[in-house]
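Data block below; observations after.
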Amino acid sequence: KGQDRDGTAPLPYVTHPIDVVVRLRYIGQVLDEEILCAGALHDVVEECGVDPEKIEKKFGRRVRTLVEELTRDELTPQEREKLTEVEVWEERTRRMLKEIREEMSADARVVKLADRLSNLSEALLTRTGIKRDRYVAQTTLILEAIPRETNAALWDAVQAVVHSVPTVLPGEIS
């Protein structure tokens, strides 16, 4: 309650995890209930402060593990205060790509693709200018970090949305 998505005319936040599950099931053809459950819960640690132990008690060890893999390593307030807005974005992107490449299992990467597809689709409706362009550029980097064979249908769907955007900043992050 009281949580909304970013951007202009935001929807209630709850629409996002539902959208992720729908995209996992109907685009990614995911039938594994634990992966679908992790898709529904992927943001609860970050957004709601839910303890991972509570997730494990209710949904099992595998769901907890997937949710933990998908929970981002965010900058501390002390780290943020030393950086510009662009530097914060670049550092968050670096950390996310490192997590994807080095720490995420294939199943967590499938959820990440559905999550990014949902976020990107909404971002194109609610963000403009530099924020939108950075998000699209970041998505391209995510596609470089996640092999297409992880889930070709979801990967291709993300790629198609990226290619539908006319303006993207050249790679700001190496």
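The values are calculated or read from the model by the stated rules, or taken from the named source; none is laboratory data. Small disclaimer: the values here were computed from a predicted structure and weren't measured. As a convention, Cβ positions derive from the backbone with ideal geometry for all residues, glycine included, and neighbour counts pool all protein chains shown. Keep in mind that these areas ignore ligands, DNA and RNA; they rest on the heavy atoms of the full protein, side chains included. Shrake-Rupley method; radii C 1.70, N 1.55, O 1.52, S 1.80 Å.
Of note, ALA157 satisfies the criterion of being in a helix (DSSP H, G or I), under 21 Å from ASP19 (Cα atoms) and at pLDDT 95 or above.
In this structure, VAL67 does satisfy being within 13 Å of the chain's Cα centre (by Cα), crowded, with 19+ Cβ neighbours inside 10 Å and either at pLDDT below 95 or among the hydrophobic types (A, V, I, L, M, F, W, C) (or both).
With respect to the conditions (1) part of a helix (DSSP H, G or I); (2) farther than 16 Å from ASP19 by Cβ; (3) in contact with an Asp or Glu (Cβ under 9 Å, 6 or more places away or on another chain), ILE100 falls short on a single one, namely (3).
Quick grid of which residues meet (1) over 20 Å from GLY28 (Cα atoms); (2) modelled with pLDDT under 95:
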{"position": "LEU97", "(1), (2)": "yes, no"}
{"position": "ALA108", "(1), (2)": "no, no"}
{"position": "LEU117", "(1), (2)": "no, no"}
{"position": "THR128", "(1), (2)": "yes, yes"}
{"position": "ARG134", "(1), (2)": "yes, yes"}
{"position": "THR140", "(1), (2)": "no, no"}
{"position": "GLU144", "(1), (2)": "no, no"}
{"position": "ASN151", "(1), (2)": "no, no"}
{"position": "VAL168", "(1), (2)": "yes, yes"}
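Going through (1) at pLDDT 95 or above; (2) open to solvent by 10 Å² or more (accessible area, probe 1.4 Å) one by one, TRP89 falls short only on (1). Scanning the stretch 103-145 for residues that are assigned to a helix (DSSP H, G or I) and among the acidic types (Asp, Glu), we see that the one that is most open to solvent (accessible area, probe 1.4 Å) is GLU144. Scanning the stretch 31-43 for residues that are assigned to a helix (DSSP H, G or I) and without any contact (Cβ under 8 Å) to a residue 24 or more places away in the chain, we see that the one that is most open to solvent (accessible area, probe 1.4 Å) is GLU33. None of GLU68, GLU56 is farther than 28 Å from ALA152 by Cβ and part of a helix (DSSP H, G or I) except GLU56.
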